[in-house]
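Each value in this text was obtained by applying a stated rule to the coordinates, not by laboratory testing. Quick caveat: nothing in here was measured; it's all calculated off a predicted structure. Methodologically, a virtual Cβ is constructed for each residue, glycine included, from the backbone with ideal geometry; neighbour enumeration extends over all protein chains shown.
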Amino acid sequence: MQPAIWDHPIRVGARGERTINGPEDALQYLSEMPQGGWFFERARNHCHAALERGEEPGLSRKAFIGAAIESSFPILDDDIQS
C-alpha cells in the first residue's frame, strides 16, 4: 500500500474529536461504523484504490464526506468545504 494523505483532514465527532488524515484513517473509521449504503461502499472502494493503486486521494476524501452525510455521523461543516 502507498501512503496517502489528504490536503485537508476531516474532523469527525460532535466537536471534531477525531481527525481523519487520509484514506487509511478513513477505512479504519468506516470499519468502526455500522455498514452503510451506496456512499459507504463508494468511500471504501475509493480509499482502497488510493492506497493500493495510487488513485487521487481527493476522490476518497469526497467519498468519505458522502458516507458521513449518508450515515449521519458528525463531521465539522468547515471540513466539508475544503
Report summary line: Long-range amide H partners of Arg18, meaning residues 5 or more apart or on another chain whose placed amide H is closer than 5 Å, are Val12
Report task. Could you tell me which helices of the chain pass both thresholds, a Cα extent of 15 Å or more along their own axis and a mean Kyte-Doolittle hydropathy of at least -1.0, with helices taken as whole DSSP H runs? Result -> 38-52, 57-71
Query raised in the report: In the range 6-38, which residues have a backbone nitrogen under 18 Å from the label point lying 7 Å from His48's Cα in the Cα-to-Cβ direction?
Result: 23-38
Report summary line: Quick P(r) readout (the chain; Cα-Cα; 10 Å bins; whole %) gives 21, 59, 20, 0
Query raised in the report: In the chain, which trypsin sites (Lys or Arg not before Pro) fall in coil by DSSP and have 14 or fewer other Cβ atoms within 10 Å?
Result: Arg15, Arg53
Query raised in the report: What is the list of residues in the range 8-28 whose amide nitrogen lies under 19 Å from a point 7 angstrom out from the Cα of Ser72, following Cα to Cβ?
Result: 12-16
Requested in this report: Mind sorting Ile75, Ile20, Ile69 by how few other Cβ atoms lie within 10 Å of their own Cβ, fewest first?
Outcome: Ile69, Ile75, Ile20
Report task. Rounded to the nearest Å, what's the spacing between the alpha carbon centres of the range 50-68 and the range 1-25? Just the number, please. Result -> 11
